[in-house]
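To start, the structure under review is shown below, and the notes come after it.
The values are calculated or read from the model by the stated rules, or taken from the named source; none is laboratory data. Bear in mind that the values here come from a model prediction, so they are computed numbers and not experimental data. Note that we place each Cβ from the backbone using ideal geometry, even for glycine, and neighbour counts take in every protein chain shown. With ligands, DNA and RNA removed, areas are computed over all heavy atoms of the protein, side chains included. Shrake-Rupley method; radii C 1.70, N 1.55, O 1.52, S 1.80 Å.
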Amino acid sequence: MTPDAEKTVASAPHADPADPVGRVGEGATAGTGEADATADAAEAGATGEAAPSAASPGSPASATGATAVTAAATATTPRVTLRSDLRASWLDGLVALLVTAVVFVILYVRIESETSSTLTVMPFMADTSEFWMYYLSQAFGWSALLWAWGTVIIGLLLSGPRPARLPLSGPTLERLHRTTSLNTIALIVAHALLFAAELIYQDTDSWPSRLGSAVLETFIPGGYNSGTGVWAMPIGQAALYLAIPLGLLFYVRHRIGPKTWRILHRFVLVVYVLSVWHTLLYGTNVWYDGAFRNTVWLLQLPIAALFLLRLLRPARRSERLLSPAAHRGSKAGWTLRLTGRVAAVAIIGVLVAVIASGRDGGRTVPPEDTSSTHVHDD
């Protein structure tokens, strides 16, 4: 979704105020049914919906316990809406813009001092007065990736075992999770639009032709046909087009149902992975092995660790990995849960190896011929 730019999209759309991977609510009380009812109750309370009961509709228990407590809380809790979260996101958005400005200055100074690997990849872009819009697009891309990272981190903290001491309360974290998600989407869109604007500015054809080419290369998979962009651009575009609906589905959750929403929301991590992949493939500041590229890998360790913790200690008792004999579901389901946990451990191992070695199998040194302009092949 962006050019030789560095990150893009990441987005990490947000989850229910408490769930980046499919679970909402933290409660785990005695008994599977009660724990799941508590989780559903927390989920319903976040949107002002009635919480489902753990007991059958005709059971006396259906009006007591976690459901009754949540029903009382729901009656006094205003429903979370897109409009209310947009209003609450201004401070987080202002911080995002300030961070973007700082990143832009850093990129600008590195280009001026000729210390950026961008000039190795694209020597012709040394003129910052000519290509400032491209570097601003890169700055928005990096801040979008950073905000997506934060959104996923907060979501995992909310959906898994929460540390005993956190500087913010649960409701505050939930609101921050939603506002950072909205601002992530805004940063991603700005990243893409500025890249398109740069293409229009550099083009010398007629305005209709400029506009058509910019839209094709920025937003249409397969439209950008130069070098690594053949793969990196569609990956970024996929992250963009998944991030927007997955991030906004929270606000129509009462229409599609919590269960459907939880299933769809699991793809949030896929969006984040696509975003990081796009960055490592096409981020010219992390084009070669080194400190900057290694930092991108290092930032993935907390996410992998929290994700593993979320799998090992899920809030919903029904999602816990029991012994094969005690598992009530299918054998395939038990195997899938075990595989997920093993895969999470393996991912952490790979991350540690990459960070320790400083090598990820990508580009190691600049090529002898750095005359490539990264423009489109004729």
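A few remarks follow.
- A single entry from R178, R210 fulfils the requirement of being open to solvent by 30 Å² or more (accessible area, probe 1.4 Å), part of a helix (DSSP H, G or I), among the basic types (K, R) and closer than 25 Å to A139 by Cβ: R210.
- Of all residues in segment 191-218, those being within 25 Å of the chain's Cα centre (by Cα), of a type outside the set (A, V, I, L, M) and more than 21 Å from T100 (Cβ to Cβ) number 1.
- Tally of residues being more than 16 Å from the chain's Cα centre (by Cα), surrounded by 22 or more Cβ atoms within 10 Å (Cβ to Cβ) and more than 29 Å from L136 (Cβ to Cβ) across segment 259-296: 1
- Check on R320, modelled with pLDDT under 90, open to solvent by 40 Å² or more (accessible area, probe 1.4 Å) and either farther than 24 Å from Q237 by Cα or not aliphatic (A, V, I, L, M) (or both): yes
- The number of residues in segment 330-355 that are assigned to a helix (DSSP H, G or I) and more than 25 Å from the chain's Cα centre (by Cα) comes to 5.
- Scanning segment 81-126 for residues that are surrounded by 15 or more Cβ atoms within 10 Å (Cβ to Cβ), of a type in the set (S, T, N, Q) and within 30 Å of R255 (Cα to Cα) returns a single hit, S89.
- Those residues of segment 227-240 which are open to solvent by less than 10 Å² (accessible area, probe 1.4 Å) and either without any contact (Cβ under 8 Å) to a residue 40 or more places away in the chain or more than 21 Å from V273 (Cα to Cα) (or both), in sequence order: none
- Only residues that are open to solvent by less than 20 Å² (accessible area, probe 1.4 Å) and either farther than 13 Å from I303 by Cβ or of a type in the set (D, E, K, R) (or both) were counted across segment 144-169, and they come to 2.
- Taking the numbered list (1) at positive phi; (2) modelled with pLDDT of 95 or more in turn, E114 passes all entries but (2).
- Residues that are of a type in the set (A, V, I, L, M, F, W, C) and open to solvent by 80 Å² or more (accessible area, probe 1.4 Å) were ranked within segment 346-368; the one that is farthest from L119 (Cα to Cα) is I347.
Per-residue answers, yes or no, for (1) part of a helix (DSSP H, G or I); (2) within 19 Å of L274 (Cβ to Cβ):
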residue	(1), (2)
S129	yes, no
L136	yes, no
A148	yes, yes
P161	no, no
P171	yes, no
L187	yes, yes
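- R310 meets the conditions (1) in contact (Cβ under 8 Å) with a residue 60 or more places away in the chain; (2) surrounded by fewer than 21 Cβ atoms within 10 Å (Cβ to Cβ); (3) basic (K, R) in every case but one. The failed one is (2).
Residue by residue, here is whether (1) in a loop (DSSP other than H, G, I, E, B); (2) of a type outside the set (D, E, K, R) holds:
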site: T218; (1), (2): no, yes
site: L246; (1), (2): no, yes
site: L264; (1), (2): no, yes
site: V273; (1), (2): no, yes
site: Y288; (1), (2): yes, yes
site: L306; (1), (2): no, yes
site: L322; (1), (2): yes, yes
site: A325; (1), (2): yes, yes
site: R328; (1), (2): yes, no
